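A short worksheet on the structure shown next.
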Amino acid sequence: MTRIGLSTVSVYPESTAHAFAYARSVGYDAVEVMVGVDALSQQTSAVQQLSDHHGVPISAVHAPCLLFTQRVWGTDPWGKLERSAEMAHAVGAGTVVVHPPFRWQREYAAGFVEGIAKMEANTGLYFAVENMYPWRASKRSMQMYLPHWDPSTEDYASTTIDLSHAAIAQDDVIEMARRLGPTLRHIHLTDGTDGAKDQHLVPGRGDMNAAAFLRHLATSGFDGEIVLEINTRKAATKAEREADLRESLEFAREHFRP
C-alpha cells in the first residue's frame, strides 16, 4: 500500500528531529530522511530513536549527493551509497534515493548504471535514481549530470520522479512516468514553474499539474512511496510551516486514490 511520507528537508531550516514531530502531528504515514549537514541526520541510531519515539516509520533514505553535501560521509560517492544502504537496512527503509553523478565525477559516472544495479542486487534495496535537470543560465543550458539528468535514458531498475526538477527540465511528468513504466518506485511530490530555480512548491501552486499526475499514478497501479519534498523556508512561524505541510498532505490524499 502506497504511503504518503514527508522528507525531512521539507522543514528546513528546522532540524531532522522537528521533521519527525511535524510528520506525527500532521498525520504523515512515513518519513524520508535526507542525509545532510544536520549532524543528527547522519546518525542511524538517532533517526531510529526519532522514528520509534514519534511512531512514524522511515520509508526511504536520501543519500548525501547534493552539492552542499559533497563532504558528508566522506567524498567517495560509492562509500556514501554503501552507508545509505546500511542506514536504510537498520531503520527498516526499503529505498535509497540517489542523484546521477555530476559531470566532474567522471570515474563514478562511467560505472554508475552498472554499479547501481550491483548495489540493488547486493542489498535487496531499491536504489531509485532521481530525475534532475539541465543547469540553465540566461538562454543557455548545460548538461551537468552523467550519464544523463533523465533516468529514462538509462537501464535503471528503480527510479524517482521529482516534479520541481521536471519543471526546470520542462518535462511532462505524466509522459516521464509512462517512459519509466514499472521502474518508477518513488515520487518526490512538489511543484514548480518553468524557470531555472528549483522551487519545490507546495503541490498545486505551480504549473506541473500535480493533481493529474497523482491521478495517473493511482490509475496506472503505482505502489511505491510518495514523499512530500517542499520548500517551507519562507514560513515566518511554525504554524505557517505546519499549514503548508498539512495542505500538501491533504492534496496528496485527495488526488491519489488507488
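Could you order peptides 10-17, 182-189 by the average number of other Cβ atoms within 10 Å of their residues, highest first? Don't skip to the end; give the middle numbers.
Values: 10-17: 20.0, 182-189: 23.9.
Output ranking for 10-17, 182-189: 182-189, 10-17.
Tell me the mean residue ellipticity at 222 nm calculated for the chain from its helices only (DSSP H runs of n ≥ 4, each -39500 (n - 2.57), averaged over every residue, nearest 500).
Here the helix-only value at 222 nm equals -11500 deg cm²/dmol.
Once phi is turned into ³J(HN,Hα) by the Karplus curve 6.51 cos²θ - 1.76 cosθ + 1.60 with θ = phi - 60°, what whole-Hz value does each residue of region 189-197 show in order, with x for glycine and proline?
So the J values, rounded to whole Hz, are 7, 6, 7, x, 10, 6, x, 8, 9.
Rounded to the nearest percent, how much of the accessible area of the chain (1.4 Å probe, protein heavy atoms only) is carbon and sulfur?
50
Please report the projected area of region 1-137's Cα convex hull averaged over all directions, in nm².
Details: hull surface 35.8 nm².
Directional mean of the projected Cα hull area for region 1-137 stands at 8.9 nm².
Can you compute the equivalent ellipsoid semi-axes for region 65-121, i.e. the square root of 5 times each eigenvalue of the Cα gyration tensor, sorted largest first and rounded to whole Å?
19, 14, 9
Among LEU125, LEU163, PHE222, which residue has its Cα positioned farthest towards the positive end of the charge dipole of the chain, with +1 placed on the Cβ of Lys and Arg, -1 on the Cβ of Asp and Glu, and the dipole taken about the Cα centre?
Positive-end residue among those listed: LEU163.
Output the direction-averaged projected area (hull surface divided by four) of the convex hull of the alpha-carbon atoms of region 105-209, in nm².
Answer in nm², one decimal: 7.0.
Over region 91-234, with the other protein chains present, what is the accessible area per residue in square angstrom, probe 1.4 angstrom?
43
Normalised radius of gyration for the chain, please: alpha carbon Rg relative to 2.2 N^0.38 Å, two decimal places.
So the chain has a normalised radius of gyration of 0.93.
When the C-alpha atoms of region 149-258 are aligned to their principal axes, what extent does each axis show, in angstrom, from largest down?
Over region 149-258, Cα extents along the principal axes are 44, 32, 20 Å.
The values are calculated or read from the model by the stated rules, or taken from the named source; none is laboratory data. Since the structure is predicted, the reported quantities are computational estimates derived from the model, not experimental observations. Every residue, glycine among them, receives a Cβ derived from its backbone with ideal geometry; neighbour counts consider all protein chains shown. With ligands, DNA and RNA removed, areas are computed over all heavy atoms of the protein, side chains included. Shrake-Rupley method; radii C 1.70, N 1.55, O 1.52, S 1.80 Å.
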